[in-house]
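Asks: Dropping a structure here in structure tokens format, bear with me for questions.
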Amino acid sequence: MVSAQSRAGGETYCFDPGLRPDSNSGFASPMINDELARRLGDRHLHPEFEAKLGPISGASHRVVQLTASPEVAETIPGQHLIWMLANLLARQFLIVHELVLHLPPVSTRPEAVLFSPGAANAILSDAILATIRLIAGDAVDVKVVNDIGRRVDVEIIIGRCIPNLSAQYSIGVYADGWNLFVGDPDLIPLREPHSALPLGPYFAACVAAGETFKVLRKLKPNGGTFARKLFVSLQDFKSADSWDKLPLIGETVRFVPPFYLVGAGAVGQALACALGASALKQAYMTVVDHDSIDKEGTNLNRCALATQEDIGTNKSDLTARFLVNRGIEVFAYPHRWERYMDTSSRPAQRIDVVAAERMLKFPLVISCVDDNAVRHELQRLWPDYLIGGSTNGMSLEVTAYDMRSKYECLMCFNPLPRIGTTEEIAGQFRELSREDQEAKAKLYGLDLEAILRYLASPKCGSPGENELKKFAEGSQGVRPSVGFVSVGAGVILAAQIMKYSLDGRSAFPHTLGNSVRFSFLQPSHFRWTIHQRNRDCDCFTKGQAAFQRVWGS
């Protein structure tokens, strides 16, 4: 078997998986809710992806099978991998129509299957089936099978086991601790994984889900490549020719310093998921996000902790609930960051955090927001260490904005867009019908009454003026996104936080750069990039002075 080729032969980007299963296979056509699937999959069905991938056709019924060996499936790392794979594939609405689970009858490890009714006493396949149904409802069909003869479009093979020879395309996956493999199933390591660290398994799941997405959406010629032999370690982000050439599994991280997670959307939730699954003995997180899982459910394609039951739930509350259940201490603040900074309205924090804040000290801040104005607010805190995670289409980037280095700050990297004068923006909002004004306010989380007061009596610096700026930024459009990219960014953030807790700033070696990147369209390696500081940015002058006043030279 060669993962980079279809069984019909030829290059994978020429492979057409749009074939229904044989009518005599013994399986009825699944009854999925196409309308629900299309709505939930809005962000990854975006036309922007058609530059590299084929359009979605509603005529084809696409089936993905998860197959695992008993030796891997009964372990904690094996179940980390299986659970996250199922989580991500269940969110590929209208891309994956049906998931087939061919898993050995092993008991569930609750430390790895993070949400599933009755997981503590369940057989693994039943727990994974329940997880998929929680996430997708009737937007994706799911079946547990005992044989492997059914024709499927993609089979993902976890550990060495007998493959489904009727699968049109096969992907091999294996992971242990910091290390992972994705590619030709014949290259899967012949060993039993043992590390409880979920980082390698989670990122392997992201890459395998990305490969599935590319196969089912038909990667165009020159649109990218497939993972044929990806052996890589998240310890140093270096690739190798074989599993034996990867670094040893390394030290288990049990402690991470207190930090602020600003933004509990897709990337922030994935970060929380990875840390929560890591059996940390000590951690304290301040989670700030005003937004909720939207009522249309379009957040569900990429928010790894959210299920159908969480629609309408505030993201910081959702994330905090998960973390507390995993033994991590959390301060959840379900409002905007600017309100958090207003000490008159903030509930009591932990004593040591309050003491640091009184001295304007924010030691470690993680930015997972997609609003440049908020990014500028975070940078102007001049934290001792600031790390940001973001996505761009099919690529992720995790960057250290370190004021003790020569590299860029968060403001350099995210300049504020030109969105017109306040008067121009007010005119645009005034021209909307009241119905449209209410719809925009709901969509972008705006305070409509504050805007209307401003329109009636404009005052510089008023709350309504700030809300109009948010309206202008939101009107720039919703960016397309896919779940495995967002989760991948969160996993890499978690890896860097863990390395920071062990080795400080060497988590981002200055000799390599301040930003680590990975493209799911070209999944052969990570790459480091260097971004010099912008001399026109405040960080180059008064920002340095402000930082030194707080932290010293």
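The values are calculated or read from the model by the stated rules, or taken from the named source; none is laboratory data. Nothing here was measured: the structure is a model prediction, and the numbers come from that model. Note: ideal-geometry Cβ built from the backbone for every residue, glycine included; neighbour counts use all protein chains shown.
Asks: Restricting attention to region 430-451, report how many residues are under 20 Å from residue 290 (Cβ atoms) and out of contact with any His (no Cβ under 7 Å at 6 or more places or on another chain).
Replies: Just the residues of region 430-451 that are under 20 Å from residue 290 (Cβ atoms), to begin with: 437-451.
After this cut, where a residue has to be out of contact with any His (no Cβ under 7 Å at 6 or more places or on another chain) as well, the list is 437-444, 446-451.
Of the residues in that region, 14 qualify.
Asks: Could you say whether any residue in region 312-330 is at pLDDT below 95, touching an Asp or Glu at 6+ places or on another chain (Cβ under 7 Å) and either within 16 Å of residue 115 (Cα to Cα) or assigned to a helix (DSSP H, G or I) (or both)?
Replies: No, every residue in region 312-330 fails to be at pLDDT below 95, touching an Asp or Glu at 6+ places or on another chain (Cβ under 7 Å) and either within 16 Å of residue 115 (Cα to Cα) or assigned to a helix (DSSP H, G or I) (or both).
Asks: Within the group 374, 365, which residue is at pLDDT 95 or above and either touching a Lys or Arg at 6+ places or on another chain (Cβ under 6 Å) or in the same structural domain as residue 515 (by TED's automatic domain parsing) (or both)? Break it down stepwise before answering.
Replies: Numbers: 374 fails: at pLDDT 95 or above.
So the residue among 374, 365 that is at pLDDT 95 or above and either touching a Lys or Arg at 6+ places or on another chain (Cβ under 6 Å) or in the same structural domain as residue 515 (by TED's automatic domain parsing) (or both) is 365.
Asks: Filter region 455-482 for residues that are in contact with a Phe, Trp or Tyr (Cβ under 9 Å, 6 or more places away or on another chain), in a helix (DSSP H, G or I) and at pLDDT 85 or above and give the result.
Replies: 455, 463, 464, 465, 467, 468 - these are the residues of region 455-482 that are in contact with a Phe, Trp or Tyr (Cβ under 9 Å, 6 or more places away or on another chain), in a helix (DSSP H, G or I) and at pLDDT 85 or above.
Asks: Quick check on region 442-451. Is at least one of its residues of a type in the set (Lys, Arg), at pLDDT below 85, surrounded by 15 or more Cβ atoms within 10 Å (Cβ to Cβ) and under 23 Å from residue 303 (Cβ atoms)?
Replies: At the first step, the residues of region 442-451 found to be of a type in the set (Lys, Arg) are 442.
With the extra rule that they be at pLDDT below 85, the set shrinks to 442.
Then keep just the ones that are surrounded by 15 or more Cβ atoms within 10 Å (Cβ to Cβ); that gives none.
No, there is no match, as no residue in region 442-451 is of a type in the set (Lys, Arg), at pLDDT below 85, surrounded by 15 or more Cβ atoms within 10 Å (Cβ to Cβ) and under 23 Å from residue 303 (Cβ atoms).
Asks: Could you list, in sequence order, the residues of region 21-48 that are out of contact with any strand residue (DSSP E or B) (no Cβ under 6 Å at 6 or more places or on another chain) and at pLDDT 85 or above?
Replies: If the condition is that a residue be out of contact with any strand residue (DSSP E or B) (no Cβ under 6 Å at 6 or more places or on another chain) and at pLDDT 85 or above, then 33, 34, 35, 36, 38, 39, 42, 43, 44, 45 are the ones that fit.
Asks: Checking the condition more than 18 Å from residue 303 (Cβ to Cβ) and touching a Pro at 6+ places or on another chain (Cβ under 6 Å), which residue from 47, 77 passes? Give the steps one after another, and end with the answer.
Replies: Details: 47 fails: touching a Pro at 6+ places or on another chain (Cβ under 6 Å).
So the residue among 47, 77 that is more than 18 Å from residue 303 (Cβ to Cβ) and touching a Pro at 6+ places or on another chain (Cβ under 6 Å) is 77.
Asks: Kindly evaluate residue 521 against the criterion of being over 24 Å from the mean Cα position of the chain (by Cα), modelled with pLDDT of 85 or more and more than 27 Å from residue 360 (Cα to Cα).
Replies: Values: over 24 Å from the mean Cα position of the chain (by Cα): no; modelled with pLDDT of 85 or more: yes; more than 27 Å from residue 360 (Cα to Cα): yes.
No; evaluated as a whole, the condition is false for this residue.
Asks: Quick check, is residue 512 of a type outside the set (S, T, N, Q) and in a helix (DSSP H, G or I)?
Replies: Values: of a type outside the set (S, T, N, Q): yes; in a helix (DSSP H, G or I): no.
Here the answer is no, as residue 512 does not meet what is asked.
Asks: Within region 296-311, restricting attention to residues that are acidic (Asp, Glu) and surrounded by fewer than 20 Cβ atoms within 10 Å (Cβ to Cβ), which residue is modelled with the highest pLDDT? Let's see the steps before the verdict.
Replies: Our first condition is that a residue be acidic (Asp, Glu); within region 296-311, this holds for 296, 309-310.
Of the ones still in play, those that are also surrounded by fewer than 20 Cβ atoms within 10 Å (Cβ to Cβ) are 296, 309.
On the way: 296: 85, 309: 94.
Once the filter is applied, the top-ranked residue is 309.
Asks: If you scan region 340-351, which residues turn out to be touching a residue at least 40 places away in the same chain (Cβ under 8 Å) and either assigned to a strand (DSSP E or B) or within 27 Å of the chain's Cα centre (by Cα) (or both)? If you could, list the steps in order and put the result at the bottom.
Replies: Step one: of region 340-351, the residues touching a residue at least 40 places away in the same chain (Cβ under 8 Å) are 340, 349-350.
Hit for region 340-351 is 340, nothing else.
Asks: Check region 222-229 and report whether any residue there is among the aliphatic types (A, V, I, L, M), in contact (Cβ under 8 Å) with a residue 60 or more places away in the chain and assigned by TED's automatic domain parsing to the domain that holds residue 346.
Replies: Our first condition is that a residue be among the aliphatic types (A, V, I, L, M); within region 222-229, this holds for 227.
Narrowing the set further to residues that are in contact (Cβ under 8 Å) with a residue 60 or more places away in the chain leaves 227.
Now drop any that are not assigned by TED's automatic domain parsing to the domain that holds residue 346, which leaves none.
No.
Asks: Go through region 153-170 and give me each residue that's closer than 14 Å to residue 100 by Cβ and either hydrophobic (A, V, I, L, M, F, W, C) or free of Cβ contacts under 8 Å to residues at least 40 places away in the same chain (or both).
Replies: If the condition is that a residue be closer than 14 Å to residue 100 by Cβ and either hydrophobic (A, V, I, L, M, F, W, C) or free of Cβ contacts under 8 Å to residues at least 40 places away in the same chain (or both), then 154, 156, 157, 158, 166, 167 are the ones that fit.
Asks: Just to check your reading of the model, which residue among 151, 191 is surrounded by fewer than 24 Cβ atoms within 10 Å (Cβ to Cβ) and either under 26 Å from residue 31 (Cα atoms) or at pLDDT 95 or above (or both)?
Replies: Numbers: 191 fails: either under 26 Å from residue 31 (Cα atoms) or at pLDDT 95 or above (or both).
Sole residue among the options that is surrounded by fewer than 24 Cβ atoms within 10 Å (Cβ to Cβ) and either under 26 Å from residue 31 (Cα atoms) or at pLDDT 95 or above (or both): 151.
Asks: Suppose the filter is in contact with a Gly (Cβ under 8 Å, 6 or more places away or on another chain) and either crowded, with 22+ Cβ neighbours inside 10 Å or among the polar types (S, T, N, Q) (or both); does residue 395 pass it? Steps first, answer last, please.
Replies: Details: in contact with a Gly (Cβ under 8 Å, 6 or more places away or on another chain): no; either crowded, with 22+ Cβ neighbours inside 10 Å or among the polar types (S, T, N, Q) (or both): yes.
Against the criterion (in contact with a Gly (Cβ under 8 Å, 6 or more places away or on another chain) and either crowded, with 22+ Cβ neighbours inside 10 Å or among the polar types (S, T, N, Q) (or both)), residue 395 does not qualify.
Asks: So which pairs qualify, if the first residue must be in region 77-101 and acidic (Asp, Glu), the second must be buried (at least 24 other Cβ atoms within 10 Å of the Cβ), the Cβ gap must be under 6 Å, and the two must be at least 6 apart or on different chains?
Replies: Taking only residues 6 or more apart or on different chains, the pairs are 98/63.
Asks: So how many residues does region 246-295 have that are among the aliphatic types (A, V, I, L, M), crowded, with 24+ Cβ neighbours inside 10 Å and either touching a residue at least 60 places away in the same chain (Cβ under 8 Å) or not assigned by TED's automatic domain parsing to the domain that holds residue 394 (or both)?
Replies: Qualifying residue count for the region: 12.
Asks: Taking region 327-352, which residues are within 25 Å of residue 254 (Cβ to Cβ) and surrounded by fewer than 19 Cβ atoms within 10 Å (Cβ to Cβ)?
Replies: Pass one, region 327-352, residues within 25 Å of residue 254 (Cβ to Cβ): 327-332, 349-352.
The answer is 327, 329, 349, 350, 351, 352.
Asks: If you don't mind, another one. Looking at region 285-332, which of its residues are closer than 20 Å to residue 446 by Cβ and either touching a Phe, Trp or Tyr at 6+ places or on another chain (Cβ under 8 Å) or of a type in the set (D, E, K, R) (or both)?
Replies: 288, 289, 291, 294, 295, 296, 315, 316 - these are the residues of region 285-332 that are closer than 20 Å to residue 446 by Cβ and either touching a Phe, Trp or Tyr at 6+ places or on another chain (Cβ under 8 Å) or of a type in the set (D, E, K, R) (or both).
Asks: Of the residues that sit in region 159-183 and are closer than 19 Å to residue 212 by Cβ and of a type in the set (Gly, Ala, Ser), which one is surrounded by the fewest Cβ atoms within 10 Å (Cβ to Cβ)?
Replies: Within region 159-183, the first condition is being closer than 19 Å to residue 212 by Cβ, and the residues that meet it are 159, 161, 163-175, 180-183.
Checking which are of a type in the set (Gly, Ala, Ser) leaves us with 159, 166-167, 170, 172, 175, 183.
Numbers: 159: 26, 166: 16, 167: 24, 170: 24, 172: 26, 175: 31, 183: 24.
Once the filter is applied, the top-ranked residue is 166.
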